[in-house]
Amino acid sequence: MRAAIISRWSGALLILGAGLWVGAVATGPLPPLGPFLDPVHGAWATVRPAELPAMAEDSIAGLQAPVNVSYDRRGVPHIFAQSIPDVIRAMGYVVARDRLFQMEAQVRASSGRLTEMIGKKGLSSDKFMRRIGLKSSAEKHFANLAPDSETRQLFDAYTQGVNAWIDDMQPADVPLEYHLLGAKPTRWQAVNTMYISKQMGYTLTFRTTERMKRYAAQRVGREAADAIFSVDCPIQEPMQPNGQTEPRYDCPPLPPPGKPAPMDKNTVTQSLLPHNEIDRSVVGSNNWAVAPAKTASGHALLAGDPHLRLSLPSIWYEVHLVVPGELDVYGVTIPGVPAVIIGFNRHLAWTFTNGGIDVLDFYKERLDDEKKPSRYFMDGAWHSLEQRVENFYDQHGELLESETVYLTHRGPVLFEKEGAVSLRWVVLEHERAEVTFKLGQTRSVAEWLKVWGTFLAPAQNGVVADTQGHIGFRTSGKFPIRPAHSRGDWVQDGTSSKNDWLGYYPAAEHPMAVDPAQGYLSSANQQIVDPQQDKRYLGADWPPPWRAMRINQLLRSGQALQVADMQRFQTDPQSTRPDVFVPAFLAAVRARAGGDELLQTAGLLLAQWDRRYTSDSNRAALFVLAMQKLFERAWDEFDDPEKEETPYWYRPDASHLACLLQVPDSPWWDIRATTDQREDRDSVLAASLKAALLALREQHGPEDGGDWRWDKVRQMNVYHLLKLPGLSVLGVSNQGGPTSLSPMTRSGTHGASFRLVVDLAPVPRAWTTYPGGQSGNPASSRYDDRIAQWSAGELTEVLFPKKPEELAGDQIASRLSLQPRK
């Protein structure tokens, strides 16, 4: 893959070179081509330092003692230092050495300062991030850190390491992307880590269920919308063990869809939804821990694979930090964060999935002026709005635009055509960034769970296992307590303080389990607790638990499980969703086929599928497209008449559709657009399957032509951060499909961003991979060297030395000596 990327990149540079005659004259959005193609200082120069030298030396201001860094053959730095601050300084240095542009790009994106790098093209994104308050919240929480606090010391030490690399960079060390943008690296600021933390909070918790339901209410009425976008999932396979040994279907009667109300074009706020809506039934994360009684080795086993947007370079960077007697932790960090976020140490291992807790509410506000307000109305009186002026600058420091952001006591005010809404969001109010670092120092499941219980935002499910044979999980964060009459899945009336949060549930009441009788724990973003056992409102519109159901199938049936099983499960090609819908499709064919040869053929082809999304499957695509057509027909009530194609997030998910299979004459099966007939379940299923067959033939040819292979119909796409095809790896095969354990979205841009399996033996062993490489330099052999392995579902055992001498010469690719700067 590296050769292909270098070839594409070189070709692109040669094409640009044809325009060298323009010299130092800028060409539109590109930088001046003369400096760009300068062989000493321009883009070509980045090829020279692409590979790590056998030996290198440098110094870092503030370093108290020499630090030894040994890079293994996979490009993982093993950092050996004498103190926590020193190991963090070295960590900042080595991460910046490999990922500097990525670090700066994500800071600019999260703080709303992209315009300073790319000009007006970044203005829309920057305005959005400033309006929802990420930048101001990060700066507020950073300013509140005491200079001698543990968090501030970690941030400062990391900053010293990053800036040591930046200050000593040679022209050839400047990442390619800066040349492409005509930009220069800026020195790292300690507050940057806080920006990144807020960005992760946005990615993981900025859900707009209220707007989905408000849109749905206009299409089918409030009663039907509330039922179809229900608080509780009708398929229960909760994370917290509830004593059941199989999923439970709680399918309440659905009220019929009401008549649509006049559409408000801004009901689903266009400034909000496109930024962060993905198909939660397809993409999420998986983790599980297995107790020794169910393993062949008699050790606990742990596996985890967070599902996020895939990118080059990867969101993750693998690293090993060692301070004798204080820290010995291996895992992945997010570049810019001074901590191992997912990983293991000599005593335990841990991983996370997103909690799905509702930590964000919207309130309809009444303002004294919709254009230039100064007050908002609440409890019969007017109250002053806080005002904050946001300035946006271009690459040259020139002011592009200024905008005033308004805030109520709840949070930022967002303006819509229908009025103003304010936003209350835990991510803006709470932060405890040091917790993730402390997890690496814990020594038992009990200690880990105690430390994890102090985490504040974003809410996450943590699964942990230790070398003593214990397993546990805990969902941590700040969980709002709402008034009895109020739920977070509808926009609230902001003119009454009675709708405000009452506080937060104490950590002791958060979902948790230790060493359950079932012998395992798992999570895959499903509803965390069984609503029959815990009726608190923690969230709504939970994704169907298809992945959780499959994980639990594998773990319940498995005895004497081994590391190889854990790895195999992560790319298991089977899903539980086809087990529900394939029989329904085939039953509809038998009921409706008659002399319909096309429907009969479609039924025969679907029946040939083994319900596995293997790369060579010639029938998986038929089911996937049939489900897509079924969604369009069954949920046609939610079509947006203003859009040629209705986004999938406007429609309910498959859990209620699975329940409707049991009600063949439900009015929900009747297609609203066909006023001259009344459809039922079997007619809709049959029509969907026929339409899928016709579409598949049109798009990919005849069923036996070879182009129905799953790896030809659906692939993963790992884009470069700048979306440059020449620096991306596209069309990657993936064993898995919608709702399988290694899922794919239609775009192929989201999936398993990291895979980890740990054997909690007396000396832990671990295996990892991710779809990318350690280096951010496209010319490096470490840029995308793991993608082929990741695509094949393979993991590599990591090296876990206690001291540098334990690494053999042939295991080391490069050494770096860092000395105190005089």
Failed item, numbered, when residue 781 is tested on (1) closer than 17 Å to residue 568 by Cα; (2) open to solvent by 10 Å² or more (accessible area, probe 1.4 Å): (1)
So how many residues does the stretch 542-567 have that are in a helix (DSSP H, G or I), touching a residue at least 60 places away in the same chain (Cβ under 8 Å) and surrounded by fewer than 20 Cβ atoms within 10 Å (Cβ to Cβ)? 2
Just for the stretch 491-525: of the residues that are under 25 Å from the mean Cα position of the chain (by Cα) and outside any strand (DSSP E or B), which one is farthest from residue 477 (Cα to Cα)? 524
Looking at (1) assigned to a helix (DSSP H, G or I); (2) open to solvent by 30 Å² or more (accessible area, probe 1.4 Å), find the lone condition where residue 790 falls short. (2)
Candidate set from the stretch 512-532 (those that are open to solvent by 10 Å² or more (accessible area, probe 1.4 Å) and in contact with an Asp or Glu (Cβ under 7 Å, 6 or more places away or on another chain)); member that is farthest from residue 466 (Cα to Cα): 531
Given (1) part of a loop (DSSP other than H, G, I, E, B); (2) open to solvent by 10 Å² or more (accessible area, probe 1.4 Å), residue 488 misses just (2)
Tell me which residues, restricted to the stretch 698-742, are open to solvent by less than 10 Å² (accessible area, probe 1.4 Å) and free of Cβ contacts under 8 Å to residues at least 24 places away in the same chain. none
Output the residues belonging to the stretch 341-356 that are open to solvent by 10 Å² or more (accessible area, probe 1.4 Å) and touching a strand residue (DSSP E or B) at 6+ places or on another chain (Cβ under 7 Å). 341, 346, 347, 352, 354
Checking residue 601 against (1) touching a Lys or Arg at 6+ places or on another chain (Cβ under 7 Å); (2) farther than 20 Å from residue 680 by Cβ; (3) open to solvent by 30 Å² or more (accessible area, probe 1.4 Å): exactly one of these is not met. Which one? (1)
Filtering the stretch 458-480 down to residues that are open to solvent by 10 Å² or more (accessible area, probe 1.4 Å), within 21 Å of residue 354 (Cβ to Cβ) and not polar (S, T, N, Q) yields 458, 474, 478
Which ones in the stretch 206-233 are open to solvent by less than 10 Å² (accessible area, probe 1.4 Å) and part of a helix (DSSP H, G or I)? 210, 211, 213, 215, 216, 220, 224, 225, 228
Of everything in the stretch 793-812 that's farther than 21 Å from residue 50 by Cα and charged (D, E, K, R), which residue is surrounded by the most Cβ atoms within 10 Å (Cβ to Cβ)? 794
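The values are calculated or read from the model by the stated rules, or taken from the named source; none is laboratory data. Not measured: the values here are computed from a predicted model. Positions of Cβ are generated from backbone atoms using ideal geometry, with glycine treated the same way; all protein chains shown enter the neighbour counts. With ligands, DNA and RNA removed, areas are computed over all heavy atoms of the protein, side chains included. Shrake-Rupley method; radii C 1.70, N 1.55, O 1.52, S 1.80 Å.
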